[in-house]
Amino acid sequence: MSDWFEENKHKLTPEEREQIESWDRWKSNMSMIGCGVSLVANFFIFKNKQFMNFCLQSTPGKINLLLIGLTPVWAGYYCSVPAKKEKNKLIAELTEKYSPEIPQEPKSQLTN
C-alpha cells in the first residue's frame, strides 16, 4: 500500500497527503506507547524477587518469563494495528479515486 502512496504522492491534494502521513505518525506513536507501557510493567515484574525465584525454579516458569519478556514487542505491534488498518482503508479509497479505469475490451465473437 505504501508503494502506491510513493508512486502517486504527486496526484494527491495536500490534505490527502497529510491524512496518510498522520496515520503513519499515529501508528508509530501507538507502537512506542504500547512498547513503553509494557517495558515499565516488565520492570516491576522482574523487580519482584519472589516471583523471579518462583519462575526460575521450573521450565514453565522460564517459559513464562520469556513470554513476559517478549510482551513489549507484541504490545508495540498490536497497538499500531488499528492505525495501519485505517491508513490502508484510506489508501484503498484514494486508489479507487485516482487510478485510471481499465478499459473493457469487447468480447470477440466466436465464428466457426
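Only the coordinates and a few stated rules stand behind these numbers; no lab work does. Given the structure is predicted, the values throughout are model-derived calculations rather than measurements. Here the Cβ is made from the backbone with ideal geometry for all residues, glycine too, and neighbour counts use every protein chain on show.
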Pairwise label distance in nanometres, Q19 with M32, each label 7 Å out on the Cα-Cβ vector: 2.5
Rounded to whole Å, sorted largest first: equivalent-ellipsoid semi-axes of region 14-96, Cα gyration tensor: 39, 12, 5
Cα→Cβ-extended label distance, 7 Å offset, between T59 and K85, nm: 3.8
Lysine pair count for the chain [Cα-Cα under 28 Å; pairs on different chains or 8 or more apart]: 24
10 Å beta-carbon shell around A83, net charge (K/R +1, D/E -1): +3
L12/A92 FRET efficiency (R0 22 Å; Cβ-Cβ; nearest 0.05): 0.95
Calculated FRET value between K47 and W74, using beta carbons and R₀ = 25 Å, to 0.05: 0.75
At least 24 Å along the helix axis (C-alpha) and Kyte average at least -0.5, DSSP helices within the chain: 14-47, 59-98
